[in-house]
């Protein structure tokens with residue numbers, strides 16, 4: 001893997017800030033697909049200013065432009081999506097130039113990075129592409145940490161089944177809960193305690209009441225030394241939307257499409 005891919009996977013695991021990946025995107029060569037041209041074979045090397053048309057894929061009911069961090073991820077994606085063998089042309093371009101071109105051509109479509117790959121995918125809309133170009137998306141967050149509802153949290157690398165599974169059963173009876181993520185606090189108030197945060201995406205009903213009932217469910221499922229908190233995610237909040245876009249929830253309703 002190249003540095004861009006190593007950073008992408010670290011971001012997906014919550015071990016590096018997304019800003020680091022966005023910075024490397026600008027400096028790295030990215031691969032994308034174009035409609036088939038029988039006169040072109042192999043991997044095209046193109047520059048900004050070339051007359052380009054991007055191939056779009058229908059993913060979760062939306063047209064998206066697939067972009068890949070390497071030819072290996074492109075092949076993996078084509079195989080996993082069943083598109084390997086379809087007539088298409090492959091091209092590569094310096095990220096800064098490709099992002100500039102996307103900023104000029106994107107409308108309601110989104111960009112999807114490494115769709116259908118085992119390492120996960122990320123989506124970017126026009127606003128984020130522009131923020132990467134102008135540098136506002138490159139503001140760094142301390143490595144391995146995120147701020148959520150006043151908590152500094154580590155990535156959810158530990159999800160105890162004794163807590164996760166009863167909560168999943170509980171949420172199946174609450175149609176208002178569309179998705180739930182489980183995090184462990186990096187620094188507990190008590191040295192011997194394990195503190196967890198359940199982040200909820202709630203649509204409809206009374207969100208505050210859902211959060212209160214979830215707190216009771218956590219207390220009933222956990223051990224005495226476990227602390228428990230509930231956070232309601234706001235899709236309009238940048239940090240919260242980042243969580244929803246890049247981290248697969250431990251529970252999701254049938255009508256909630258989790259990250260690929």
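Quick check on my filter: what residues within region 9-35 are in contact with a strand residue (DSSP E or B) (Cβ under 8 Å, 6 or more places away or on another chain) and within 23 Å of residue 63 (Cβ to Cβ)?
Hits for region 9-35 are 30, 31, 32, 33, 34, 35.
Please verify whether residue 198 is buried (at least 16 other Cβ atoms within 10 Å of the Cβ), outside the structural domain of residue 7 (by TED's automatic domain parsing), at pLDDT 85 or above and within 18 Å of residue 13 (Cα to Cα), treating the condition exactly as stated.
Yes.
Filter region 103-133 down to residues that are in a loop (DSSP other than H, G, I, E, B) and either in contact with a helix residue (DSSP H, G or I) (Cβ under 9 Å, 6 or more places away or on another chain) or at positive phi (or both), then give me how many there are. First the steps, then the outcome.
First, pick out the residues of region 103-133 that are in a loop (DSSP other than H, G, I, E, B): 106-109, 114-121, 125.
Filter again for either in contact with a helix residue (DSSP H, G or I) (Cβ under 9 Å, 6 or more places away or on another chain) or at positive phi (or both), leaving 106-109, 114-121.
Count: 12.
Residue 240 passes all but one of (1) modelled with pLDDT of 80 or more; (2) part of a helix (DSSP H, G or I); (3) outside the structural domain of residue 19 (by TED's automatic domain parsing); (4) crowded, with 17+ Cβ neighbours inside 10 Å; which number fails?
(1)
Do we find that residue 167 is part of a strand (DSSP E or B) and modelled with pLDDT of 90 or more in this structure?
Answer is no for this residue.
Residue-wise test of (1) in the same structural domain as residue 181 (by TED's automatic domain parsing); (2) at pLDDT 75 or above; (3) under 15 Å from the mean Cα position of the chain (by Cα); (4) in a loop (DSSP other than H, G, I, E, B).
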position	(1), (2), (3), (4)
8	no, yes, yes, no
11	no, yes, yes, no
14	no, no, yes, yes
19	no, yes, yes, no
30	no, yes, no, no
33	no, yes, no, no
38	no, no, no, yes
48	no, no, no, yes
54	no, yes, no, yes
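The values are calculated or read from the model by the stated rules, or taken from the named source; none is laboratory data. The structure displayed is predicted, hence computed values, not measured ones. Positions of Cβ are generated from backbone atoms using ideal geometry, with glycine treated the same way; all protein chains shown enter the neighbour counts.
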